[in-house]
Amino acid sequence: MMRRLILLFAIFSVTLLAETITLDATLLNFDDLLKLLETHSRVFDVTPPSTGTVGSMRYLEYNGHVLANVEDLYILDNNKLPSSGVPVETLKLFGVDYVQTSEGVKIITCRVNSIEEIGRTVVVNFEGEKNFDVEQTQDSVRIIAKDWLLFRGVVKMPEEVLYEKENVRIERTAESDGQFRILLSAESLGKYVVKPFGERVDPYEKDVVFLVGYGDGRIIVRSFSKDLNGLDLPAYSESLKLARKIANELGYKLEECPVYDIPVGVVGMIVLLREKDEMPVFLDTIERLMAE
């Protein structure tokens, strides 16, 4: 729902939306600025402006800068301002980012600090409002700006693409304070692949992976992590279900362990055969179970 604040100072108004704050003037009085900074501090979850009075003079402090006012006199950091108000350009000193548009001055309420790939997971670190969308196109996944925002310190306009990766699909998303994660999957689904234990597994591997080594007759599944907000749950569940069947068939032990040999989101397991001559039996078993 839109909230609208009409602040009495010349012809000045602030329109507060979920994504942006719009100013209809370029000169703010003390009360206008205070309300704007209070909103800004809530959006970015930082210490709100402090206020006080000295005689008839009132002041506010925010982001290390002090504005004092009495009647038409404005003093910023001990320097008298030339006008009877605070120019919009001064907002930069208070850590408030904005952009001048045909619709007025847009106060930016989202900073996307980074977008990085960690295995099959795209991690978006941001501050303020989640002012971006994740879009699945026919052959790619894109992250686009919903409204004006900062991306790595650069102003981005609405509909501008912040990130794109081809030949993948969105498998699952999760959000926590200041972070949005997208688990990607390859377009096509394969069958399975057997690799020697210790060999690298592609984070975008579309097949079920069996890393085979030798030990005491044990199958190890990467354990579910609460820290990932459910991103690894589908792969974990499928891996565990298949591992149980194989362990029952071969009489092996089953173990869940936070191993990193199997990337997040990849269905697979580590298989430790007791003897080399068990390999044919193991291969026959997975061939039959995978065909079910």
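Please count how many residues of the range 243-258 are of a type in the set (A, V, I, L, M, F, W, C) and open to solvent by 20 Å² or more (accessible area, probe 1.4 Å). Lay out the reasoning, then the answer.
Here is the first cut: in the range 243-258, the residues of a type in the set (A, V, I, L, M, F, W, C) are 243, 246-247, 250, 254, 257.
If we keep only those that are open to solvent by 20 Å² or more (accessible area, probe 1.4 Å) as well, we get 250, 254, 257.
Matching residues across the range 243-258 total 3.
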*Read through the list (1) open to solvent by less than 70 Å² (accessible area, probe 1.4 Å); (2) touching a residue at least 40 places away in the same chain (Cβ under 8 Å); (3) assigned to a helix (DSSP H, G or I); (4) not β-branched (Val, Ile, Thr), then give the number of the only condition that residue 240 fails.*
(2)
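Quick one: how many residues across the range 64-90 are within 25 Å of residue 111 (Cβ to Cβ) and outside any strand (DSSP E or B)?
Going through the range 64-90, the residues within 25 Å of residue 111 (Cβ to Cβ) turn out to be 64-67, 76-77, 86-90.
Filter again for outside any strand (DSSP E or B), leaving 64, 77, 88-90.
Residues flagged as within 25 Å of residue 111 (Cβ to Cβ) and outside any strand (DSSP E or B) within the range 64-90 amount to 5.
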_Which listed residue, of 60, 67, 73, 93, is out of contact with any His (no Cβ under 8 Å at 6 or more places or on another chain) and within 17 Å of residue 23 (Cβ to Cβ)_ = 67
*Any residue in the range 114-122 that is part of a loop (DSSP other than H, G, I, E, B) and open to solvent by 40 Å² or more (accessible area, probe 1.4 Å)?*
no
_Pairs please, first residue from the range 67-81 and under 14 Å from residue 55 (Cα atoms), second anywhere and outside any strand (DSSP E or B) and open to solvent by 40 Å² or more (accessible area, probe 1.4 Å), Cβ atoms under 6 Å, 6+ apart in sequence or on different chains._
70/56
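Among the residues of the range 48-63, write down those that are surrounded by 10 or more Cβ atoms within 10 Å (Cβ to Cβ) and in a loop (DSSP other than H, G, I, E, B).
Residues of the range 48-63 surrounded by 10 or more Cβ atoms within 10 Å (Cβ to Cβ): 48-53, 57-63.
48, 49, 63, listed by residue number.
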_If the requirement is being small (Gly, Ala, Ser) and touching a Pro at 6+ places or on another chain (Cβ under 9 Å), which of these qualifies: 41, 84, 50, 56?_
41
*Consider only pairs whose beta carbons are under 7 Å apart and that are at least six residues apart or on different chains; among these, list those whose first residue lies in the range 173-186 and is within 17 Å of residue 144 (Cα to Cα) and free of Cβ contacts under 8 Å to residues at least 40 places away in the same chain and whose second residue is among the acidic types (Asp, Glu) and open to solvent by 20 Å² or more (accessible area, probe 1.4 Å).*
none
_Quick check on the range 136-172: of everything there that is farther than 14 Å from residue 115 by Cβ and under 16 Å from the mean Cα position of the chain (by Cα), which residue is surrounded by the most Cβ atoms within 10 Å (Cβ to Cβ)?_
172
*asked:* For a quick check of your reading of the model, give me the residue pairs whose first member lies in the range 32-43 and is more than 15 Å from residue 110 (Cβ to Cβ) and free of Cβ contacts under 8 Å to residues at least 12 places away in the same chain, whose second is open to solvent by 30 Å² or more (accessible area, probe 1.4 Å) and of a type outside the set (Ser, Thr, Tyr), with beta-carbon atoms closer than 9 Å and at least 6 apart or on different chains.
replied: 38/48
*May I ask you to list the residues in the range 218-237 that are within 25 Å of the chain's Cα centre (by Cα) and open to solvent by less than 60 Å² (accessible area, probe 1.4 Å)?*
222, 223, 225, 228, 230, 231, 232, 234, 235, 236, 237
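The values are calculated or read from the model by the stated rules, or taken from the named source; none is laboratory data. From a predicted model like this one, the values you see are computed outputs, not experimental measurements. Reconstructed Cβ throughout: ideal geometry from the backbone, glycine too, with neighbour counts over all protein chains shown. Accessible surface areas use protein heavy atoms only, side chains included; no ligands, DNA or RNA. Shrake-Rupley method; radii C 1.70, N 1.55, O 1.52, S 1.80 Å.
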